[in-house]
Amino acid sequence: MSTEGSEHSDRKKYEFRKVIEDLKNFEGSGTQLVTIYVPDDRQVSDVVAHVTQEHSEAANIKSKQTRTNVQDALTSIKDRLRYFDTYPPDNGIVLFSGAVDSGGGQTEMVTKVLESPPQPVESFRYHCDSDFLTEPLEEMLADQGLYGLVVLDRREANVGWLKGKRIEPVKSASSLVPGKQRKGGQSAQRFARLRLEAIDNFYQEVAGMANDLFVPKRHDIEGILVGGPSPTKEEFLDGEYLHHEIQDSVIGKFDVSYTDESGLRELVDNAEDALADAEVMKDKREMETFFEELNAGNLATYGFDETRRNLVMGSVETLLISEDLRKDVVSYECEECGTTDREVLDRRTSTPEHTCSDCGATVDADATTREDAIEHLIEIAEQRGTETKFISTDFEKGEQLYDAFGGFAGILRYSTGV
């Protein structure tokens with residue numbers, strides 16, 4: 001995939017996630033929020049005809065307020081559909097419209113149209129409820145790449161998933177395998193036999209957990225990773241305890257020091273080569289490069305202001321943004337001296353008063369511009385040919401990007417001293 005295509009995809013996914021977060025917060029009084037999913041092979045005229053029919057049938061709704069709100073939502077959707085040609089764009093469109101609660105007993109009409117989602121809309125869906133239907137879109141935006149994880153020794157085991165960038169522990173088990181020292185009165189042969197039986201039973205239990213979790217998803221799994229000390233993991237795999245389709249999906253076995261939930265993370269770390277294309281490894285490599293430059297070189301920048309200044313100069317090779325970041329940037333333009341100051345704020349806070357950093361004048365609220373901080377930086381990055389990477393917080397250095405560096409950083413093409 002080209003840098004431009006990847007960049008556009010990341011930005012679009014971010015924009016979609018932001019819209020979905022807003023939509024999930026909306027509520028309607030009664031079943032009056034309309035959602036329509038339209039695949040790209042469905043003629044727009046057919047959708048308009050369906051919406052017209054729903055509008056007609058909505059006349060039978062007993063509540064006057066609900067009837068009016070549903071018909072207004074359908075009219076708004078029909079107006080938006082007129083902007084499309086015979087067929088929707090690639091991957092289809094999703095439309096949301098309805099009167100949402102705005103507080104104090106008041107409502108506000110909201111209409112959103114999302115074109116060309118990351119994955120194709122599979123079928124036409126018309127949904128009218130007190131909430132917008134966002135789950136199919138959320139599934140499209142879910143991290144790609146599914147791997148099964150198993151860590152075990154003779155004392156405990158954990159199984160879980162690597163979903164894109166997220167490690168998700170699911171099941172665990174503890175064994176009843178006795179230690180290597182036998183109790184008094186037992187023959188060595190009897191003790192050894194009982195111990196082997198206990199090990200076999202535990203391996204069967206672990207395989208049962210793994211099979212229950214992985215077999216239903218076997219057609220979606222890209223591979224299985226198994227971790228543990230030697231010879232435990234070898235005994236487990238050589239004994240073919242796993243379902244044959246799961247056994248055939250094992251792409252590697254790796255030494256790990258722990259077999260609790262932290263062992264799952266250690267397994268993913270140690271499986272870097274096997275997971276060369278997994279999203280979490282791409283993120284880790286970006287952050288490792290950033291920290292190498294931060295500690296030993298001079299090709300790293302961080303913080304909103306510094307990163308923005310480097311972006312404007314065209315010196316940023318890769319812009320790194322935390323996936324969990326939800327910030328706005330307010331630009332204050334001083335009418336007295338022309339200076340522009342910027343401040344990054346939490347999206348939920350109101351715009352505060354500002355004193356010009358140059359002349360000390362109070363900047364009037366009318367002289368401010370407030371916008372999404374991420375979109376603000378990505379727009380500059382696109383103009384300068386800079387690649388943008390969204391970094392997960394599901395690993396230590398990803399958390400540090402968010403907590404210690406404000407969620408904004410960059411790997412530079414050349415040193416600027418900024």
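The values are calculated or read from the model by the stated rules, or taken from the named source; none is laboratory data. Just so you know, these numbers come straight off a predicted model, no measurement behind them. Cβ atoms come from the backbone with ideal geometry, glycine included; neighbour counts cover every protein chain shown. With ligands, DNA and RNA removed, areas are computed over all heavy atoms of the protein, side chains included. Shrake-Rupley method; radii C 1.70, N 1.55, O 1.52, S 1.80 Å.
A quick yes/no check of all residues on (1) open to solvent by 70 Å² or more (accessible area, probe 1.4 Å); (2) among the basic types (Lys, Arg); (3) closer than 30 Å to Arg348 by Cα; (4) in contact with a Gly (Cβ under 7 Å, 6 or more places away or on another chain):
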position: Leu23; (1), (2), (3), (4): no, no, yes, no
position: Thr31; (1), (2), (3), (4): yes, no, yes, no
position: Thr35; (1), (2), (3), (4): no, no, yes, no
position: Val38; (1), (2), (3), (4): no, no, no, yes
position: Gln53; (1), (2), (3), (4): yes, no, no, no
position: Lys64; (1), (2), (3), (4): yes, yes, no, no
position: Arg67; (1), (2), (3), (4): no, yes, no, no
position: Phe84; (1), (2), (3), (4): no, no, no, no
position: Pro89; (1), (2), (3), (4): no, no, no, no
Positions within the stretch 339-366 being of a type outside the set (Ser, Thr, Tyr), under 27 Å from Asn25 (Cα atoms) and surrounded by fewer than 18 Cβ atoms within 10 Å (Cβ to Cβ), in sequence order:
Glu343, Leu345, Asp346, Arg347, Arg348, Pro352
When Glu293 is evaluated against the numbered criteria (1) farther than 26 Å from Asp403 by Cα; (2) out of contact with any Gly (no Cβ under 6 Å at 6 or more places or on another chain), which criterion, by number, is the only one it fails?
(1)
Filter result for Thr369 (more than 17 Å from Arg309 (Cα to Cα), open to solvent by less than 70 Å² (accessible area, probe 1.4 Å) and of a type in the set (Val, Ile, Thr)):
no
Residues of the stretch 92-138 being open to solvent by 40 Å² or more (accessible area, probe 1.4 Å), in contact (Cβ under 8 Å) with a residue 12 or more places away in the chain and either more than 24 Å from Gln53 (Cβ to Cβ) or under 20 Å from the mean Cα position of the chain (by Cα) (or both), which ones?
Asp101, Thr107, Glu115, Pro118, Gln119, Pro120, Glu138
Examine the stretch 283-292 for a residue that is of a type in the set (D, E, K, R), within 30 Å of Phe390 (Cβ to Cβ), open to solvent by less than 30 Å² (accessible area, probe 1.4 Å) and within 27 Å of the chain's Cα centre (by Cα), and state whether such a residue exists.
yes
List every residue pair whose Cβ atoms sit under 7 Å apart, with the two residues 6 or more apart in sequence or on different chains, where the first one lies in the stretch 379-393 and is crowded, with 21+ Cβ neighbours inside 10 Å and the second, anywhere, is among the small types (Gly, Ala, Ser).
Thr388/Ala381; Ile391/Ser322; Ile391/Gly398; Ser392/Gly398
How many of the residues making up the stretch 213-244 are touching a residue at least 24 places away in the same chain (Cβ under 8 Å) and assigned to a helix (DSSP H, G or I)?
8
Going by the conditions given, is Gly208 of a type outside the set (Asp, Glu), surrounded by 12 or more Cβ atoms within 10 Å (Cβ to Cβ) and free of Cβ contacts under 8 Å to residues at least 12 places away in the same chain?
yes
Test result for Glu371, out of contact with any helix residue (DSSP H, G or I) (no Cβ under 7 Å at 6 or more places or on another chain), charged (D, E, K, R) and part of a loop (DSSP other than H, G, I, E, B):
no
Looking at the stretch 303-314, which of its residues are more than 17 Å from Asp403 (Cα to Cα) and surrounded by 21 or more Cβ atoms within 10 Å (Cβ to Cβ)?
Arg308, Asn310, Leu311
